[in-house]
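Below: one structure, written as structure tokens.
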Amino acid sequence: MKKILLLLIFIFLFCYFATAQQDTSLIYVNNSGSVVLNKSQADHFIAILPPEPEQDPNLFTVKEYYTSGKIMLECMSASRTMPLNFQGPCVIFYENGHRKQFKTFVNGVVEGDVINYYPNGQLHTISHTTDNTGKKYYLTECRDSTGKVLSKDGNGQWLNFSPDFKSSSGGPIVNGKEDGEWHGYLGDSIKFICLFKKGDLKSGIGYDAAGKAYPFNKIYVEPKFGHGVDVFKQFLNRNQQYPDYAKAHNLKGTVRVGFTVEKDGTVDNFIIITSVAPSLDEEALRVVRLSPSWIPGRLYGVPISVKFSYPMLFY
């Protein structure tokens with residue numbers, strides 16, 4: 001019943017946008033932000049509408065939706081294809097309709113204040129970008145879900161939460177930076193302690209569900225194939241064959257294959273993210289499935305399963 005309801009919502013919204021604007025683009029994406037082939041693989045979807053008469057003719061209206069049909073994001077973009085080049089104010093919503101985050105983009109980069117809210121509508125945090133990458137912040141103010149002020153003007157206690165509020169971390173901030181011992185957890189799987197000095201991680205210890213300790217000095221480490229991505233590329237090139245059918249019919253393009261590098265380094269869950277043609281898709285899957293084990297990714301020192309993707313070129 002739920003699948004039927006979701007299908008009806010997708011059909012209704014697709015028809016609505018198609019009727020309202022013939023130039024509207026509809027893009028399906030998963031929770032990691034990757035484009036997927038169809039709505040059955042999507043966690044939400046993006047509608048990109050042409051400029052309205054009263055707005056900048058170079059900016060497209062972007063509306064992102066939950067599968068329930070509730071609005072998730074509203075912003076403007078200088079591009080109408082992925083990756084989007086956000087411009088101006090951007091508002092993100094919880095599925096209950098409350099505002100989740102407000103920030104401003106300049107040429108695709110976050111600039112100025114970033115304001116986060118709790119699902120009940122209460123203010124959570126205010127931080128401010130400190131460089132032109134939009135990735136470094138001065139932590140200004142933090143409150144709990146009742147409105148109690150935990151830190152102000154860059155000093156006090158800070159609380160971070162994952163989008164689903166199943167994971168959390170927190171600790172002291174001094175002059176807008178993490179400073180001292182922070183504690184956190186990721187669901188029921190990982191607990192960790194981090195020691196910061198003026199915003200820089202000095203050391204940490206992560207614990208898996210069994211209580212095994214893993215010292216670390218970097219919060220996240222990506223999965224790695226042997227000596228790196230270049231070696232993985234060489235491995236794929238050695239094994240890749242151009243299908244005869246594809247050659248005969250002049251089929252060309254880039255097939256993106258998704259897979260999971262498990263916490264023990266094994267590789268599985270192979271899927272086609274970007275399709276070109278069945279013969280090329282099958283060959284891309286065949287080659288990637290030959291991959292030996294990787295060095296697993298780590299989060300707070302603990303080995304984790306990580307979704308990965310790679311483009312297979314057929315030209």
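The values are calculated or read from the model by the stated rules, or taken from the named source; none is laboratory data. On a predicted model such as this, the values are computed, not experimentally measured, just so you know. Cβ sites come from the backbone with ideal geometry, for glycine too, and all protein chains shown count toward neighbours.
Mind checking whether some residue in region 232-252 is surrounded by 15 or more Cβ atoms within 10 Å (Cβ to Cβ) and out of contact with any strand residue (DSSP E or B) (no Cβ under 9 Å at 6 or more places or on another chain)?
yes
Being at pLDDT 90 or above and not polar (S, T, N, Q) narrows it down to one residue among 74, 54; which is it?
After applying the criteria, what remains is 74.
How about region 35-79: which strands (runs of 3 or more DSSP E) wholly inside it have at least 1 residues that are crowded, with 18+ Cβ neighbours inside 10 Å and touching a His at 6+ places or on another chain (Cβ under 8 Å)?
Correct list: 60-66, 71-77.
Residues of region 126-167 being at positive phi and in contact (Cβ under 8 Å) with a residue 24 or more places away in the chain, which ones?
Answer for region 126-167, where residues must be at positive phi and in contact (Cβ under 8 Å) with a residue 24 or more places away in the chain: 134, 147, 165.
Just one of (1) outside any strand (DSSP E or B); (2) surrounded by fewer than 17 Cβ atoms within 10 Å (Cβ to Cβ) trips up residue 157, so point out which.
(1)
Is it true that residue 94 is closer than 25 Å to residue 33 by Cβ and either aromatic (Phe, Trp, Tyr) or without any contact (Cβ under 8 Å) to a residue 12 or more places away in the chain (or both)?
Yes; evaluated as a whole, the condition is true for this residue.
Mind telling me which of the residues 27, 126, 48 ends up being of a type in the set (Val, Ile, Thr) and closer than 26 Å to residue 166 by Cβ?
126
Which one of these does residue 69 not meet: (1) at pLDDT 90 or above; (2) under 22 Å from residue 108 (Cβ atoms); (3) in contact with a helix residue (DSSP H, G or I) (Cβ under 7 Å, 6 or more places away or on another chain)?
(2)
Mind checking which residues of region 120-154 are exposed (fewer than 13 other Cβ atoms within 10 Å of the Cβ) and farther than 21 Å from residue 103 by Cβ?
146, 147, 148, 149
Go through (1) in contact with an Asp or Glu (Cβ under 8 Å, 6 or more places away or on another chain); (2) free of Cβ contacts under 8 Å to residues at least 12 places away in the same chain; (3) surrounded by 13 or more Cβ atoms within 10 Å (Cβ to Cβ) one by one and return the number of the condition residue 196 breaks.
Result: residue 196 fails condition (2) only.
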